[in-house]
1. If you check Tyr32 against the conditions, is it among the aromatic types (Phe, Trp, Tyr) and in contact with a Gly (Cβ under 7 Å, 6 or more places away or on another chain)?
2. Looking at Ala55, Ala67, Ala61, Ala94, which is the one that is at pLDDT 95 or above and touching a helix residue (DSSP H, G or I) at 6+ places or on another chain (Cβ under 7 Å)?
3. Report whether or not Leu85 is under 13 Å from Gln26 (Cα atoms) and either surrounded by 15 or more Cβ atoms within 10 Å (Cβ to Cβ) or free of Cβ contacts under 8 Å to residues at least 24 places away in the same chain (or both).
4. Quick check: anything in the stretch 6-23 within 19 Å of Asp70 (Cα to Cα) and modelled with pLDDT of 95 or more?
5. Which of (1) assigned to a strand (DSSP E or B); (2) closer than 14 Å to Val2 by Cβ is the odd one out, the single condition Ala33 does not satisfy?
6. So Leu103 clears everything in (1) surrounded by fewer than 15 Cβ atoms within 10 Å (Cβ to Cβ); (2) more than 19 Å from Leu7 (Cα to Cα); (3) in contact with a Gly (Cβ under 9 Å, 6 or more places away or on another chain) except one condition, right? Which one?
7. Have a look at Phe13, Phe69 and point out the one that is within 16 Å of Glu113 (Cβ to Cβ) and assigned to a helix (DSSP H, G or I).
Amino acid sequence: MVTVATLRKRTDFVFLKEHGLRVSTQGFVVQYAVQEGECGVCVGYTASTKGVGNAVKRNRAKRRLRACFDKVVRLNPNAELPEGLWLNFVARRAVLEIDFKYLEKDMGKAMAEVREKA
């Protein structure tokens, strides 16, 4: 199982936006970078007013992304991600309408691509 921490500082999110690599899917964009000397995986979730909508929609989008990440990576004993990986999931408006099983499929594909490139 993968040990997961949460990204909390604004500087971490800005670093990922400016220096991280990206993988795009229909419902979200994953920004990622590998930090040397870190252990485990750090994850953050972003949903903007312009991209997703009001506070209720933003919270729902982040909850869906969190649940999907938990199911695909955190609770999956076969999931392997490199040590020191930082991830930020940026929600798109489509994340609210996509069926959850397709969101899971997209998350699996995105994590496989991150694993290959990181």
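1. Working: among the aromatic types (Phe, Trp, Tyr): yes; in contact with a Gly (Cβ under 7 Å, 6 or more places away or on another chain): yes.
Criteria met by Tyr32.
2. On the way: Ala55 fails: touching a helix residue (DSSP H, G or I) at 6+ places or on another chain (Cβ under 7 Å); Ala67 fails: touching a helix residue (DSSP H, G or I) at 6+ places or on another chain (Cβ under 7 Å); Ala94 fails: touching a helix residue (DSSP H, G or I) at 6+ places or on another chain (Cβ under 7 Å).
After ruling out the rest, the residue left standing is Ala61.
3. Values: under 13 Å from Gln26 (Cα atoms): no; either surrounded by 15 or more Cβ atoms within 10 Å (Cβ to Cβ) or free of Cβ contacts under 8 Å to residues at least 24 places away in the same chain (or both): yes.
Here the answer is no, as Leu85 does not meet what is asked.
4. First pass over the stretch 6-23, keeping only residues within 19 Å of Asp70 (Cα to Cα): 6-8, 23.
Next cut, modelled with pLDDT of 95 or more only: 23.
There is at least one residue in the stretch 6-23 that is within 19 Å of Asp70 (Cα to Cα) and modelled with pLDDT of 95 or more.
5. All conditions pass for Ala33, except number (2).
6. Only one criterion in (1) surrounded by fewer than 15 Cβ atoms within 10 Å (Cβ to Cβ); (2) more than 19 Å from Leu7 (Cα to Cα); (3) in contact with a Gly (Cβ under 9 Å, 6 or more places away or on another chain) is unmet by Leu103, namely (1).
7. Values: Phe13 fails: within 16 Å of Glu113 (Cβ to Cβ).
The unique qualifying residue is Phe69.
The values are calculated or read from the model by the stated rules, or taken from the named source; none is laboratory data. Not measured: the values here are computed from a predicted model. No Cβ is skipped: glycine too gets one built from the backbone with ideal geometry, and neighbour counts run over all protein chains shown.
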